[in-house]
1. Straight-line reach from K165: which lysines have a Cα under 28 Å away, not including same-chain ones fewer than 8 places off?
2. I need the shape label for the range 179-338. Rule: rounded when a/c is under 1.5, else prolate if a/b > b/c, else oblate, with a, b, c from the alpha carbon gyration tensor.
3. Select one label from (i) 23.4, 100; (ii) 33.7, 133; (iii) 20.5, 70: the one whose number is Rg and Dmax of the Cα atoms in Å as derived from the coordinates shown.
4. What distance in nm lies between label points placed 7 Å from Cα along the C-beta direction at V288 and N192?
5. Ranked from highest to lowest mean number of other Cβ atoms within 10 Å per residue, what is the order of the peptides 62-69, 117-124, 256-263?
6. Given a Förster distance of 30 Å, report the FRET efficiency between R323 and E74 from their Cβ-Cβ distance, rounded to the nearest 0.05.
7. Pairs to check: K38/K259; K68/K274; K172/K274; K239/K274. Give those whose C-alpha atoms are more than 30 Å from each other in this structure.
8. How far apart, in nm, are the 7 Å Cα→Cβ label points at A183 and A260?
Amino acid sequence: MKNRDTKLCCVVFIVTMLLSLIYLGPSGAVAAPAAGGKPEVSELKIGLPDLDPNFLPNWAAEQRGYFKEEGIAEVKVIVFQGNAPVVQSLASGTIDLCVASLIGLVNTINSGQKFKAFWAGYNMSDFVWYSVPKFKSIAETKGGRYAVSRFGSLTDFLTRYALRKAGLNPEKDVTILQLGGQAQFLAAMASNQVDVSILSLPNTYTAAERGYISVMSQKDLSPDYPTHVIYGKEDFIAKNPNALKAYVRATTKAMGWLKANPDEAAALITKQLKYKAEHSRKAIDDLVHGWYPDGRLPVDGMKVFWDIAVQSGEVKEPWPNSRWLDDTFLKTQAEWRK
């Protein structure tokens, strides 16, 4: 009897210790499990196609500690130059997820990659085409030189569509050059290497200050747009649903903080991207309208997106969402995005 009681006490002790490990944090305080369950991985590597303020929720979530609050110990935000190197890194496993253009995702699926998006909510329509003063509209730029980041990128995709809307043939009537990033666009205009650049906030403010002319706005094409979606390999999404939910909770929490604290958000842009303080503050006021914590896709913007994709020959007809989007997370967010 004594031996049996001793064994029973040992079992109770072990169970008690295990429960303590589950419910107690490292300091001994009660740790409430994150909604949706513990992340399957403790580290995430996020790829971005360029340095741009509209990706700010990712940096804000890291610097504000929101990722750690959601159980992801380390997040590396890695910046590339264009969609192509982001896709290559995702395919090779160098990064786990990317926040990048929908056209980039469509192109990679067309090439045979098993990628899918699982979230959106970056629906800004903030690109503006700026020209040297001799042109007053895109229709006048026949024979001109255009700057885009990379062929096949979002900037290239939109520029070719804008040219067609203005009655020009992007293959014959202009020369399109791939120059990397926004800073390179402005430098190329200053040195007379290009005539027109597609610019995002707050580079548009710089262009206006330098006397360049706004010849078209993306808002002329659509009031909103699926600028970026968040995607990864299908098998990574299937194996790590809790980690993806933690990522979404952290970045959408950051969106809320950015909207509620515009001055601090502007300071973060200036620190992270080295823009003028007054430009950063103005950019925040324009950007907050394009961040949607619920991950929605823009209704009007999606129609325009597929119209562009069909016209450019990327697809023959609009795709059903199931071909490129795992909408499980969007449909169930009321259960875990708190």
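Each reported figure results from applying straightforward, stated rules to the coordinates on display, with no laboratory input. Here the structure is a predicted model, which means the values were calculated and not measured. Cβ placement follows ideal geometry from the backbone for every residue including glycine, while neighbour counts extend to all protein chains displayed.
1. K134, K136, K142, K219, K303, K316
2. On the way: a/c = 2.18, a/b = 1.33, b/c = 1.64.
Taking the square roots of the gyration eigenvalues as a ≥ b ≥ c, the range 179-338 is oblate.
3. The value computed from this structure is option (i).
4. Between V288 and N192, the label points sit 4.4 nm apart.
5. Packing order, densest peptide first, comes out as 117-124, 62-69, 256-263.
6. Details: r = 33 Å, r/R0 = 1.10.
Between R323 and E74 the formula returns 0.35.
7. Cα-Cα > 30 Å for K172/K274; K239/K274; rest within.
8. Label-label distance for A183 and A260, simple model: 3.3 nm.
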